[in-house]
Amino acid sequence: MTFRNNLYAYRPLDLILRPRVVILMYHSIADNFRDPHAVRPDDFAAHMAAIASAGIPVIPLQSAVQNRYAGHAIVLTFDDAYRDFLHNAAPVLRKHGFPATVFAPTGLLGGRAVWDTYDTSKPLMDWDELTEVSRCGFTVGSHTVSHTRLTDCDSRQIHEELASSLDALLTRIPNAIRALSYPGGYCGQREMAAVKQAAYTCAVTVTSRLGNYSWTNPYALHRRKWR
């Protein structure tokens, strides 16, 4: 199958059409009919092959932030630290030499996706597995402590969710970065200010068709799904 046909089959829309930094968002990489956010492993492999065939640079999240989102590149992110990342995503990423960031809810590691509306049985990595992710060259960021909606928290709770999670990651994970993924994408000016105050350098939201440019707020970075 040619790259043009890959484009047609998987429809990454304008990923290659406009010069900007696009942050792709993934969750579980698994055959799970109960989870509409899950991406089948074969489809994920096809996504990565299409990016590689197009010759679009895939860069670390922190590089995109440091360079003010200059140029045309893709950043790969994975929310929730699902165990299937190790088995179904990491080997494909390593095959292509692609960097990626995993966002982990630190207080739930080793458990299951108890917050999830669709499937609460999905297993999360434990600390040893998350350390292995780091050893494989991938970076790890925060998804708060308990995957709670920060917009539902008072100021004290927000600080605890942000500070405790980041402290745990910086203490235990070699490649931890000061980046946050807002659980559910729920954030406003209050939450963004709290993230900055907690010494994070950036934060990502959920699905948006917008790219990221030099004027993009680093505490409200746009992400999108493949389709």
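Here the condition is being in a strand (DSSP E or B), surrounded by 15 or more Cβ atoms within 10 Å (Cβ to Cβ) and small (Gly, Ala, Ser); of GLY141, GLY107, it holds for GLY141 alone. Among residues that are of a type outside the set (Ser, Thr, Tyr), surrounded by 20 or more Cβ atoms within 10 Å (Cβ to Cβ) and outside any loop (DSSP other than H, G, I, E, B), ALA50 is included. Summed over the range 148-182, residues that are surrounded by fewer than 22 Cβ atoms within 10 Å (Cβ to Cβ), touching a Cys at 6+ places or on another chain (Cβ under 8 Å) and among the charged types (D, E, K, R) total 1. For the range 188-199, state whether one or more residues are under 17 Å from the mean Cα position of the chain (by Cα), in a loop (DSSP other than H, G, I, E, B), more than 18 Å from ALA81 (Cβ to Cβ) and not small (Gly, Ala, Ser). No - not one qualifying residue is present in the range 188-199. Within the range 178-196, being within 20 Å of ASP126 (Cβ to Cβ) and out of contact with any Lys or Arg (no Cβ under 7 Å at 6 or more places or on another chain) holds for one residue alone: SER181. Pairing residues of the range 150-173 that are in contact (Cβ under 8 Å) with a residue 12 or more places away in the chain with residues that are assigned to a helix (DSSP H, G or I) and acidic (Asp, Glu), at Cβ distances under 6 Å and at least 6 apart in sequence or on separate chains, gives LEU150/GLU191.
Residues checked against (1) surrounded by fewer than 20 Cβ atoms within 10 Å (Cβ to Cβ); (2) without any contact (Cβ under 8 Å) to a residue 60 or more places away in the chain; (3) closer than 22 Å to ARG223 by Cα:
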position: TYR82; (1), (2), (3): no, yes, yes
position: LYS95; (1), (2), (3): yes, yes, no
position: PRO99; (1), (2), (3): yes, yes, yes
position: VAL102; (1), (2), (3): no, yes, yes
position: MET125; (1), (2), (3): no, yes, no
position: SER146; (1), (2), (3): yes, yes, yes
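For the range 205-216, the set of residues classified as within 17 Å of the chain's Cα centre (by Cα) and over 17 Å from ILE158 (Cβ atoms) consists of VAL206, THR207, SER208, ARG209, LEU210, GLY211, ASN212, listed by residue number.
Each value in this text was obtained by applying a stated rule to the coordinates, not by laboratory testing. Everything numeric in this text was worked out from a predicted model, so none of it was measured. Please note: Cβ atoms are built from the backbone with ideal geometry, for glycine as well, and neighbour counts cover all protein chains shown.
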